[in-house]
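Presented below is the structure to which this report refers.
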Amino acid sequence: MIGPVSPARAEALSPERRDLREAAEGFEAIMVRRMLASARAASLAEDTPLTGGGMRQYVAMRDEHLAGIVAASGALGFARSIEEALAQHLPGKDEA
């Protein structure tokens with residue numbers, strides 16, 4: 001699996017390729033958030049004062065932060081696969 005691109009290598013990319021990478025990572029983050037939410041929805045925990053609205057808001061923010069970290073790290077590889085597939089349609093085809 002290919003890891004994240006260093007900032008120096010990212011600067012060498014065309015603006016279109018950087019935008020594509022950012023969009024692919026954003027999509028991967030959305031997918032990770034949805035997976036976390038689905039896993040949590042399967043929980044049988046009852047709604048208590050400690051699991052109410054405040055806790056749900058905290059959990060949503062934590063999931064969003066974790067999803068961003070996972071997507072930026074390239075750990076799952078979804079973003080990289082999406083980027084490579086769509087990069088074939090860019091003019092110039094930057095190599096990363």
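Can you spot a residue in the stretch 33-56 that is in a helix (DSSP H, G or I), surrounded by fewer than 16 Cβ atoms within 10 Å (Cβ to Cβ) and at pLDDT 90 or above?
Checked the stretch 33-56: at least one residue is in a helix (DSSP H, G or I), surrounded by fewer than 16 Cβ atoms within 10 Å (Cβ to Cβ) and at pLDDT 90 or above.
Take the residues of the stretch 70-96 that are of a type outside the set (A, V, I, L, M) and at pLDDT below 85: which is surrounded by the most Cβ atoms within 10 Å (Cβ to Cβ)?
Selected residue: D94.
The values are calculated or read from the model by the stated rules, or taken from the named source; none is laboratory data. Given the structure is predicted, the values throughout are model-derived calculations rather than measurements. Reconstructed Cβ throughout: ideal geometry from the backbone, glycine too, with neighbour counts over all protein chains shown.
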